[in-house]
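> Before I ask anything, here is the structure I am working with.
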Amino acid sequence: MKKRVLLIAGCLSFALCASACSDSKETAITQVVTEATSKQTVETENATEYSTRAVGPVSNTFPTKPINDTSKTGTLDYILFPDTMRWNMAPAEVKDTETRNLDSKYTFESKNPAFLNYKLDKATDKYFDSASIVYCFPDNKLQARWCSFDSNKILDYRDMYNEIKNVVSSKYGECESENIVWTDTTYQQDDSKWNDAFRYGYVTIETTWHTSDTAVIITWDYNNDMTVAVSTLDFEGQL
């Protein structure tokens, strides 16, 4: 009788142990399956996000995070055509008038058209480390001047555009046209996503002004050009 009791107790103990092991194994399997499912879900979501972002044209130089190395102090007056200059000036006259330092690496005086490239002044010019000024001289006559911005060094494309537009409007009045073109409308209705839209190439802006002898054009396009150009009316079509 005692042996039978011990045998039954041993069987019960083994059964309980087996059951516990089975439950533990089942729990472990369930956990592995859950983790695998979760990982697959995350990977699917990431793939969907990448697919959505890849809908529009994407710049090959798009940084993971915009570079925060631009100066936010100073003035943007340098984007305007200087009152001390006039159209058809010779390169030598512009060099005598321009107070900034000439960037000889990107200056080509012997070509036609000739180009004078100037570095912005760290002490006075806002965003001095993300832009440069270029004067263009077809047949040695000043016909255009533009300021080009490095899109990789801009953090807030929308606010910077509005800031530049306000500076130009303060001199030339309200713009004649402001063409906003969306190649992908994913972020069009979400103002907080407009900077992403610029970086992904989803939106471009071209804004224009005209006077009796001058054209002013803001081109805000991450993949191609982010400039403020001023030119004679005859040269406008070549910008």
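Quick note: the coordinates plus some simple rules give every number you see, no bench work behind them. The structure presented is a predicted model; accordingly, all values stated were derived computationally and were not measured. All Cβ positions, glycine included, derive from the backbone under ideal geometry; neighbour counts span all protein chains shown.
> With each pseudo-label sitting 7 Å past Cα toward Cβ, what's the Glu109-Asn140 distance in nm, one decimal?
The modelled label-to-label distance comes out at 1.2 nm.
> Quick one: order Glu93, Glu236, Glu174 by neighbouring beta-carbon count within 10 Å, fewest to most.
Ordered by Cβ neighbours within 10 Å, fewest first: Glu174, Glu93, Glu236.
> Determine the sum of side-chain charges near Asn101: Lys and Arg each +1, Asp and Glu each -1, restricted to other residues whose C-beta is under 15 angstrom from that of Asn101.
Once all neighbours under 15 Å are counted, the net charge is -1.
> Moving to a separate point now. Using the basic label-point model (7 angstrom from Cα toward the beta carbon), what is the Ala92 to Asn224 distance in nanometres?
Between Ala92 and Asn224, the label points sit 3.8 nm apart.
> Kindly flag which residue pairs out of Lys105/Lys165; Lys122/Lys171; Lys126/Lys165; Lys111/Lys141 have an alpha-carbon separation exceeding 22 Å in this structure.
Pairs exceeding 22 Å: Lys105/Lys165; Lys122/Lys171.
> Can I ask one more? Taking θ as phi - 60°, what are the ³J(HN,Hα) couplings along segment 220-234 by the Karplus curve (6.51, -1.76, 1.60), each to the nearest whole Hz, with x for Gly and Pro?
Taking θ as phi minus 60°, the curve returns 10, 9, 4, 7, 10, 7, 10, 9, 10, 10, 10, 8, 5, 5, 5 Hz for segment 220-234.
> At what distance in nm do the modelled label points of Asp77 and Ser170 sit from each other, each positioned 7 Å from its Cα along Cα→Cβ?
Here the modelled spin labels are 0.9 nm apart.
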